[in-house]
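> One structure is given below, represented as structure tokens, and several questions about it will come after.
The values are calculated or read from the model by the stated rules, or taken from the named source; none is laboratory data. Predicted model only: the values in this text are computed from it and were never measured. Cβ atoms come from the backbone with ideal geometry, glycine included; neighbour counts cover every protein chain shown.
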Amino acid sequence: GAGVSQSPRYKVAKRGQDVALRCDPISGHVSLFWYQQALGQGPEFLTYFQNEAQLDKSGLPSDRFFAERPEGSVSTLKIQRTQQEDSAVYLCASSLRLAAGYEQYFGPGTRLTVT
Amino acid sequence: LAKTTQPISMDSYEGQEVNITCSHNNIATNDYITWYQQFPSQGPRFIIQGYKTKVTNEVASLFIPADRKSSTLSLPRVSLSDTAVYYCLVGAYGQNFVFGPGTRLSVLP
């Protein structure tokens with residue numbers, strides 16, 4: 001595809017529900033990143049993958065958050081038993097190589113609202 | 001990871017040159033300096049990256065002094081469409097991006 005796509009673009013969940021957010025990276029991009037962005041703040045790193053391997057998940061805020069990329073392309077971020085503090089925009093980015101030295105391409109994000 | 005400090009907000013007028021300075025006193029030898037731009041309801045977009053001296057592309061210039069403890073993003077002749085949040089990031093290959101709160105640039109007519 002032409003860029004990183006994310007779905008759904010908007011998600012409203014009742015507190016306690018599970019949600020799954022999808023990211024389709026740019027074809028051929030080895031690295032994939034997830035960020036959480038609260039209103040008025042910069043994106044905060046959650047986790048990243050190199051191909052199917054999750055190399056760093058230090059940013060995941062709790063064990064309710066889980067990410068996977070089983071075939072090294074599409075990734076899913078799952079949040080179990082959602083809480084109001086999980087309300088944020090979840091951004092996915094992909095990169096041809098690994099992290100800082102290479103340009104990251106971001107998707108439009110999924111805005112999650114937990115009521 | 002080196003911490004960065006940049007102004008919270010800036011105002012400018014159409015057609016002016018805008019310079020946004022970022023401080024990164026603890027930058028490490030292997031760190032690069034990268035700037036991203038973010039419009040509302042969109043993900044950040046790469047603008048420019050540099051290691052030292054000056055880098056220029058079709059969008060912006062990046063000035064980095066010899067001590068590399070700061071950097072300045074220069075946007076020539078801004079337009080209303082340049083109104084956005086600009087993030088300065090510092091990190092090395094293999095490290096993860098750390099975004100601060102960024103600089104909110106408002107371009108006025």
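> Return the residue satisfying two criteria in turn: it lies in segment A:70-112 and is part of a strand (DSSP E or B) and either of a type in the set (Lys, Arg) or more than 15 Å from the chain's Cα centre (by Cα) (or both), and of such residues it is nearest to A:Gln37 (Cα to Cα). Write out each step before concluding.
First pass over segment A:70-112, keeping only residues part of a strand (DSSP E or B): A:75-79, A:88-95, A:105-106, A:110-112.
If we keep only those that are either of a type in the set (Lys, Arg) or more than 15 Å from the chain's Cα centre (by Cα) (or both) as well, we get A:78, A:111.
Numbers: A:Lys78: 16, A:Arg111: 9 Å.
Out of the qualifying residues, it is A:Arg111.
> Do we have A:Lys78 as modelled with pLDDT of 95 or more and basic (Lys, Arg) here?
Yes.
> Among the residues of segment A:50-97, which ones are surrounded by 15 or more Cβ atoms within 10 Å (Cβ to Cβ) and small (Gly, Ala, Ser)?
Hits for segment A:50-97 are A:Gly59, A:Ala67, A:Gly72, A:Ser73, A:Ser75, A:Ser87, A:Ala88, A:Ala93, A:Ser94, A:Ser95.
> Same structure, new question: Return the residue satisfying two criteria in turn: it lies in segment A:32-49 and is more than 10 Å from every other protein chain (Cβ to nearest Cβ) and more than 20 Å from B:Lys3 (Cα to Cα), and of such residues it is surrounded by the fewest Cβ atoms within 10 Å (Cβ to Cβ). Reasoning before the result, please.
Pass one, segment A:32-49, residues more than 10 Å from every other protein chain (Cβ to nearest Cβ): A:32, A:34, A:36, A:38-39, A:49.
This time we only want the ones that are more than 20 Å from B:Lys3 (Cα to Cα), so: A:32, A:34, A:39, A:49.
Values: A:Leu32: 28, A:Trp34: 26, A:Leu39: 8, A:Phe49: 22.
Top of the filtered list is A:Leu39.
> If A:Arg111 meets every condition in (1) within 13 Å of chain B (Cβ to nearest Cβ); (2) loosely packed, with under 14 Cβ neighbours inside 10 Å; (3) more than 27 Å from B:Gln49 (Cβ to Cβ) apart from one, which number is that one?
Looking at each condition in turn, A:Arg111 falls short on (2).
> Tell me, please, whether a residue that is assigned to a loop (DSSP other than H, G, I, E, B), more than 14 Å from the chain's Cα centre (by Cα), modelled with pLDDT of 95 or more and among the hydroxyl-bearing types (Ser, Thr, Tyr) can be found in segment B:71-80.
Taking every residue of segment B:71-80 in turn, at least one turns out to be assigned to a loop (DSSP other than H, G, I, E, B), more than 14 Å from the chain's Cα centre (by Cα), modelled with pLDDT of 95 or more and among the hydroxyl-bearing types (Ser, Thr, Tyr).
> Can you tell me which residues in segment B:86-109 are more than 8 Å from every other protein chain (Cβ to nearest Cβ) and over 16 Å from B:Gly50 (Cβ atoms)? Quick ask: steps written out before the conclusion?
Applying the first criterion (more than 8 Å from every other protein chain (Cβ to nearest Cβ)) to segment B:86-109 yields B:86, B:88, B:90, B:103-109.
Scanning segment B:86-109 gives B:Thr103, B:Arg104, B:Leu105, B:Ser106, B:Val107, B:Leu108, B:Pro109.
> Next question, about the same structure. Mind telling me which of the residues A:Asp56, A:Asp24 ends up being facing chain B (nearest Cβ under 10 Å) and more than 30 Å from B:Ser9 (Cα to Cα)?
A:Asp56
> Tell me, yes or no, whether segment A:64-86 has at least one residue that is under 21 Å from B:Phe99 (Cα atoms) and at the interface with another protein chain (Cβ under 10 Å from one of its Cβ atoms).
no
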